[in-house]
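Working notes for the structure below.
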């Protein structure tokens with residue numbers, strides 16, 4: 001049967017590329033994936049797949065029932081684009097000014113639609129029910145799209161027992177499935193610090209409380225948390241990425257606002273770091289005569305965790321795909337909304353290399369020149385198909 005599945009994926013590979021190019025030309029930002037959702041629904045309906053539209057906003061869920069109606073396997077793809085001006089020069093470049101599929105979600109949708117088509121052709125052989133979960137707003141970073149879909153019942157009726165997903169990455173070369181048991185991606189907590197001082201003339205700093213000076217001390221303290229207050233055996237990233245203060249060269253402002261991100265792979269460390277920032281920063285600001293208010297984004301993405309036993313079985317399945325090899329990797333500090341699904345249904349998230357130096361495909365995700373190696377999309381589709389057909 002696996003041989004025929006491979007042949008069917010190969011036969012549909014040009015259509016997968018065609019779908020990807022249509023989506024690439026018509027990117028849509030988080031929570032606005034209306035045309036993408038419409039295209040997805042149309043393709044699923046053409047394959048006779050039962051669908052739900054408008055799940056958690058613009059999400060789409062398709063369902064194929066297996067011959068035994070046993071376990072239900074979820075296959076997930078994200079749909080949204082990024083606010084990036086495309087500079088690839090591709091003949092199918094984005095038609096929308098300042099919006100681009102710079103993270104590969106166009107390819108994710110196309111590969112999962114390809115898998116849905118092939119699995120629909122083999123519905124009489126399906127050992128499991130299969131849910132095709134097309135998720136909006138992965139790039140949002142806060143509420144995201146997975147949480148609204150979960151609230152709207154995307155994983156129920158029937159209940160999803162295991163969920164799988166992949167992400168193409170420009171760091172890994174083509175021909176690679178990169179995977180890891182346990183925590184594979186970090187929790188991504190955003191913070192905002194508002195420093196309030198006392199404004200005045202730039203020539204009289206002693207008559208003011210300069211929030212820019214105070215903010216500089218706070219940044220040094222934030223970066224010192226990693227090296228002086230936390231265990232050195234667990235990964236941790238703290239980065240201040242945005243600072244806003246002042247309007248003129250000779251006016252000391254009243255306020256400064258800085259924003260940044262915290263990345264952790266351990267839930268206890270995650271809580272400890274947030275607690276340390278919440279107590280240290282106001283106290284330090286006070287020592288300079290200023291005040292500092294700290295807030296953290298609600299509903300930040302949790303750690304993306306791959307069930308160890310299931311993931312080892314996934315490695316075995318993926319290793320059987322000719323033309324690809326499985327590589328075990330270290331965890332990465334990026335965050336992912338798929339983490340929400342994996343909290344509800346144990347499964348596996350894995351990476352799919354798309355770097356190809358010979359074709360000039362050397363740019364990483366979120367770069368204005370990033371694009372996929374379309375010749376390899378069929379392998380991502382096949383991985384979905386084989387996981388759906390697995391005995392779980």
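Working from Cα positions, state the angle (0 to 90°, nearest 10) between the long axis of helix 105-121 and the longest principal axis of the chain.
Compared with the principal axis, the helix lies near 20 degrees.
Which of 233, 354, 88 has the fewest other C-beta atoms within 10 Å, and how do the rest follow up to the most?
On the way: 233 7, 354 28, 88 19.
Fewest to most other Cβ atoms nearby, the residues stand as 233, 88, 354.
For the chain, modelled as a Gaussian network with Cα springs under 10 Å, which listed residue fluctuates most, 110, 292, 37?
Largest GNM mean-square fluctuation: 292.
Given labels modelled 7 Å from the Cα in the Cβ direction, how far is it in nm from residue 125 to residue 233?
4.8 nm
Under 8 Å for C-alpha pairs, at least 6 residues apart: give me the relative contact order for the chain, rounded to a whole percent. Present the calculation step by step, with values, prior to reporting the outcome.
Working: 910 pairs, mean separation 93.0, N = 392.
Here the relative contact order equals 24 percent.
Set the Förster radius R0 to 25 Å, insert the Cβ-Cβ distance between residue 65 and residue 309 as r into 1/(1 + (r/R0)^6), and round the FRET efficiency to 0.05.
The formula returns an efficiency of 0.45 here.
Counting every Cα pair in the chain, what percent are over 31 Å apart?
On the way: 32132 of 76636 pairs.
Cα-Cα pairs of the chain separated by over 31 Å account for 42 percent.
Determine, from the Cβ-Cβ distance of residue 275 and residue 42 and an R0 of 51 Å, the FRET efficiency 1/(1 + (r/R0)^6), rounded to the nearest 0.05. Can you show the working numbers first?
Working: r = 49 Å, r/R0 = 0.96.
So, using R0 = 51 Å, E works out to roughly 0.55.
Order these by the 10 Å Cβ neighbour count, fewest first: 229, 305, 213. Walk me through the intermediate numbers first.
On the way: 229 12, 305 21, 213 17.
So the residues, fewest neighbours to most, are 229, 213, 305.
At R0 = 22 Å, how high is the FRET efficiency between residue 243 and residue 223 if r is their beta carbon distance? Nearest 0.05 is fine. Before the final figure, lay out each step's value.
Numbers: r = 14 Å, r/R0 = 0.62.
Efficiency at R0 = 22 Å is approximately 0.95.
Express in nm, to one decimal, how much length is gained between residue 97 and residue 391 on full extension, taking 0.36 nm for each residue of separation and deducting their alpha carbon distance. Mind showing how you got there, number by number?
Working: separation 294, 0.36 × 294 = 105.84 nm, distance 4.56 nm.
Computed gain between residue 97 and residue 391 is 101.3 nm.
Hey, what's the per residue convex hull volume over the C-alpha atoms of segment 162-299, in cubic angstrom? Write out the running numbers ahead of the final one.
Working: hull volume 21.4 nm³, N = 138.
Hull volume over Cα atoms, normalised by residue count, gives 155 Å³.
Treat the count of other C-beta atoms within 10 Å as a stand-in for reagent exposure and order 279, 181 from fewest to most. Kindly include the intermediate steps, with their values, before the conclusion.
Numbers: 279 11, 181 17.
Arranged by neighbour count, lowest to highest, 279, 181 become 279, 181.
Pick from 68, 129, 14: which residue has the top mean-square fluctuation in a GNM of the chain where Cα pairs under 10 Å get a spring?
The residue with the greatest mean-square fluctuation here is 68.
Taking a ≥ b ≥ c as the square roots of the eigenvalues of the Cα gyration tensor of segment 220-293, is the shape rounded (a/c under 1.5), prolate (a/b larger than b/c) or oblate?
Values: a/c = 2.86, a/b = 2.00, b/c = 1.43.
Here segment 220-293 falls in the prolate category.
Label-point separation (nm) for residue 151 and residue 295, each offset 7 Å from Cα along Cα-to-Cβ?
My value for the distance between the label points is 1.8 nm.
Pick from 111, 258, 100: which residue has the top mean-square fluctuation in a GNM of the chain where Cα pairs under 10 Å get a spring?
So, out of 111, 258, 100, the one fluctuating most is 258.
Which residues in segment 98-113 have a backbone N closer than 20 Å to a point placed 7 Å from the Cα of residue 358 along the Cα-to-Cβ line?
In segment 98-113, the label zone of residue 358 (backbone N under 20 Å from the point 7 Å along Cα→Cβ) covers no residue.
Between residue 207 and residue 368, with labels modelled 7 Å along Cα→Cβ, what's the label distance in nm to one decimal, could you check?
Those two pseudo-labels are separated by 4.5 nm.
All of the numbers you see were taken from the coordinates with simple rules; none came from a lab. What you see is a predicted model, and the numbers here were worked out from it, not measured in a lab. Glycine gets a Cβ as well: all are built from the backbone with ideal geometry, and neighbour counts include every protein chain shown.
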